[in-house]
Structures are given as structure tokens and as C-alpha cells.
Amino acid sequence: MITYLCIMKTKTLKKNKVNVVTLGCSKNIFDSEVMMAQLKANKFEVEHESMVDDSEIVIINTCGFIDNAKQESIDTIIRYADAKAEGLVEKVYVTGCLSERYKDDLEKEIPEVDAFFGTRDLPRLLKTLKADYKHELVGERLLTTPSHFAYFKIAEGCDRPCSFCAIPLMRGKHVSTPMEDLVQQAKGLVRNGVKELMLIAQDLTYYGLDIYKKRALAELLEKLSEVEGIEWIRLHYAYPSGFPMDVLDVMKEKNNICNYLDIPLQHGSSRILKSMRRGIDREKTEKLIEEIRSSVPSIAIRTTLIVGYPGETDEDFQEMYDWVQRSRFDRLGVFTYSHEENTHAHSLEDDVPEEVKKERADRIMELQAGISYELNQEKIGNTYRVLFDRVEGEYFIGRTEFDSPEVDNEVLVKKNDTYLRLGDFANIRITSADHYDLYGELVD
Ligand code: SF4
């Protein structure tokens, strides 16, 4: 992710060279990778987030989720618009969620941009570049992640009515990708060296309800786990209400499905969950987490919460705080509520002051840091299968099956007398741990 961008003037801009810049979530990364494969197949030279910017064309894939993300997208557009004015780039195109949501305003406010496109506008974007959309390439991608793992989008859009969320405004209704196409995509990724798939969607557990008229995530997992070469399959963005318990049976049965579940729960007060239109209260949420943990005892659960939602009282917050303390989630992230126009909650008063939102978010993360530290101490002496992603300073850095890239814990192994190949698995005995990192040594 590029935040402070310096565009270095190189001698000449390379004709037909495109620099793709991705902001936002893993679904945007997936979309950028699909776009890059299409561009490459149309004989464009393509780079992702090049720092040495000799590209004639820049395409910015934006995020329009909440305030901070929107601001970062706008800042990035303006930086490239300025670069264009200085002749450092020829064409600037903008796509993705911010563009989908605010196209008319953006066209007026940043006229330097050559064109704005929506989230389902790839064919039109390619046409603008005098390129064709190649249907035979569906599912093909140019990975921007390390070649041994890939985000794997199984559906687009969302049918849920969550009051605070603008995503359905930008991504539309839920559309599942047919199972046979997904299996083909997975086989293609394995041929290119991928070992780990991060399954993503707006609502993973809704998979199949549109095209198969039933929840089909478990069936999809069965099929994907049979793709030879896939070592780890990880589940992101599950939804609590109507959670398909048969997914856990497949998780238990198949060794290559990680005992890991990312399930955003959003709040710990039933009163607030009702206002959020989440279709589940705190009691049922706690019961669901208990059932998941008793079904897959070693499972690592990641969740995401929102603090400062309209009307959130000190009592509501305390209820959530106590629930987080009781639940001891393995991984947890917090957002401060963002008052998004055209969402259901926008009709409510955004009455929690920003500093109180921030203070509540800090208190939850402080609590979680302590929980994470204690849970990590329990891992000392254990040996885990670790997939190594990168080298940083004097360490090889990898993850266990309980950790997703970018957001979760990491395992650090000193380089000095150890040889590890990136993209390979190795058994590591944990020798020490802190809040979010584990330190270990290779077990021969
Ligand atoms: S499930 Fe709710 S929070 Fe998630 S994308 Fe859909 S509407 Fe938004």
C-alpha cells in the first residue's frame, strides 16, 4: 500500500506501460490482479505500485469503505493528478469503490483524471485503453502477493442489511462464482506455485444461496481441499447469523483447511446489534462461538468490532468490553464508527464524540493485547508447521495455520545458522513470545 508517494521523474515514460495502485481490502487486491492479467494479455507492460514510475498510464483501484480509507484514496488520486500536471504520467484512471460511490462528485472535483470507472467496469476500462476484455482469461490473475499464497474471491456483493455498511452500495447484490470455475481457478493458481488460499467475499457464509439456492460453502471447501497442491485453505469474512455449521465438519475432516475462522461480530451489546440490523444478539453470538470452539477445539477465531456506533452508551461499551474479556478471541481488530451517507444508520445521530470513539477503540485493543500475550505464552515449547513469507533484518518471517497475512501474528526465526526457503513450510518450536509475535527455532 503506497501512502506517501514520491514519483521520481525518469527520462521517458514507457509507452503502453501501466502502473496499478491498489487501496483497501483483499477484494480490491483480487480485482487489481484480474485487471493486471487482462492488461498483460493485451500486450501492456504492467507493474503493481511501482516506485520508479516510468509508466505512461496509472490506474488507481480505490476504497470507499469508511472515512480514513476514503481520504487515503482521495489523497492518492490527487498525488497522481498532480504528477500528471507535472508531466510525470500521461494518463490517470480511477476505479474501485470510491469511484463507484462518488463518480459524479469526483469528476467535478478532480477533472485531471482521464476517466472514472465503477467496481464492475473492467470491460469498459479496457475499451478506454483500446484493449479487449478476454473472456477466456476469467479467473486468471497476476498475483501481487508472494507467489505461494493468494486471496481467493468466491463471491461479489452483499445482500445483508447491516445499518452502518456502505459496501452493498458499492459492490451490489451477492453473486456467487460457480464452483467449477473456482476449482479451475484454484488449479491454475497451484500451477503457478500457490499453496495457500485465503477465501474472501463480503459474506463468505452466504455462498451458494443465489445460484444453488442453498448454503454451499462446505461443499465448495470439500472440492477445493481436493485440489492437489493446496496446503492451506483459510476462511475470511464469515457472518454469524445463519452460520453453516457443516463448514466445521469439513474443517475437522480435511487437514488442508486451516483451523482458523475470521468472523466479524461487530458489537457485544444486543441493543446495539439490533440497531445495527445484524440479525443476531449477543447471547446467540456467544452460543455460536462456544459451539464453534467445541466443534473445532484448536480453532483460532479472528473478529472485528465497531466502537462509537450511534447511541452507544458507556453501559453498552462496558457490556462489549466485558464480553471481549470473557471471549478471549485469538485475533481482534477494531474500527471506530464512520457515519456513511446512504446507509441505514446515517438517519441516526452520530452522537459519540470522535475522542470517545478513539478512547473506546484504544481500551479494547489494550485489553486484546493482554489476551493475545497470554495466549501466546501458552504456545512456548510447542512445535508448529510454519509457512515462510519473507525475510526481514535478521529474521525469516512466517505464519502458522492460525495466522493470516498482514493482520495476524507472525513467527520469527533467526537467520544466523538456519536455512529456510520462502514459500516453504518448516516445523518450528516456539521458544519465546510477545503480544503479537512468536520467536522460534527450526526443528530438524
Ligand atoms: S455483511 Fe454487513 S458489514 Fe459485511 S459487507 Fe455485508 S452489509 Fe457490509
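Tabulated values for the structure
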{"quantity": "Distance violations [Cα-Cα > 24 Å] among Lys127/Lys213; Lys70/Lys287; Lys153/Lys173", "calculated": "Lys127/Lys213; Lys70/Lys287"}
{"quantity": "Quotient of C-alpha Rg and 2.2 N^0.38 Å, computed over region 1-111", "calculated": "1.00"}
{"quantity": "For region 133-243, the fraction of alpha-carbon pairs in successive 10 Å shells from zero, as %", "calculated": "14, 45, 33, 9, 0"}
{"quantity": "Solvent-accessible area per residue, Å², over the chain with all protein chains present [probe radius 1.4 Å]", "calculated": "44 Å²"}
{"quantity": "Listed peptides 230-239, 117-126 by packing density, highest first (mean Cβ within 10 Å)", "calculated": "230-239, 117-126"}
{"quantity": "Kirkwood Rh and Cα Rg combined as Rg over Rh, evaluated for region 138-183", "calculated": "1.07"}
{"quantity": "Whole-number D in µm² s⁻¹ for region 304-380, Kirkwood Cα-pair radius fed into Stokes-Einstein, 10 °C, 1.306 mPa s", "calculated": "118 µm²/s"}
{"quantity": "Evaluated over region 79-177, the Cα radius of gyration and Dmax, each in Å", "calculated": "16.2, 45"}
{"quantity": "Carbon and sulfur %, accessible surface of region 350-398 computed with the full protein complex present, 1.4 Å", "calculated": "51 percent"}
{"quantity": "Distribution of pairwise C-alpha distances over region 333-444, 5 Å bins, in %", "calculated": "2, 11, 18, 17, 12, 9, 8, 8, 7, 6, 2, 1, 0"}
{"quantity": "Local electrostatic count at Ser176 - Lys and Arg +1, Asp and Glu -1, tallied over other residues with Cβ under 9 Å", "calculated": "-2"}
{"quantity": "Reachable lysines, given that their alpha-carbon falls under 16 Å from the alpha-carbon of Lys252 and they are not under 8 places away in the same chain", "calculated": "Lys223"}
{"quantity": "Proximal lysines relative to Lys414, as straight alpha-carbon distance under 26 Å, when same-chain residues fewer than 8 apart are discounted", "calculated": "Lys195, Lys379"}
{"quantity": "Length-normalised contact order of the chain in % [C-alpha pairs under 8 Å, at least 6 apart]", "calculated": "10 percent"}
{"quantity": "Pairwise centroid distance, computed over Cα atoms, of region 200-269 with region 302-357, Å", "calculated": "26 Å"}
{"quantity": "Percent accessible area from carbon and sulfur atoms, region 57-210, protein chains only, probe 1.4 Å", "calculated": "50 percent"}
{"quantity": "Hits among aspartates and glutamates - C-alpha to C-alpha of Lys91 under 16 Å, sequence gap 8 or more where chains match", "calculated": "Glu45, Glu47, Glu49, Asp53, Asp54, Glu56, Asp82, Glu107, Glu112, Asp114"}
{"quantity": "Kirkwood Rh and Cα Rg combined as Rg over Rh, evaluated for the chain", "calculated": "0.96"}
{"quantity": "Length released on extending from His344 to Glu291, taking residue separation times 0.36 nm less the Cα-Cα span", "calculated": "16.0 nm"}
{"quantity": "Within region 353-395, GluC sites (Glu not before Pro) in DSSP loop having at most 14 other beta-carbon neighbours inside 10 Å", "calculated": "Glu378, Glu394"}
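The values are calculated or read from the model by the stated rules, or taken from the named source; none is laboratory data. All values reported here derive from a predicted model rather than from experimental measurement. As a convention, Cβ positions derive from the backbone with ideal geometry for all residues, glycine included, and neighbour counts pool all protein chains shown. The accessibility values were calculated without ligands, DNA or RNA, using every heavy atom of the protein model including side chains. Shrake-Rupley method; radii C 1.70, N 1.55, O 1.52, S 1.80 Å.
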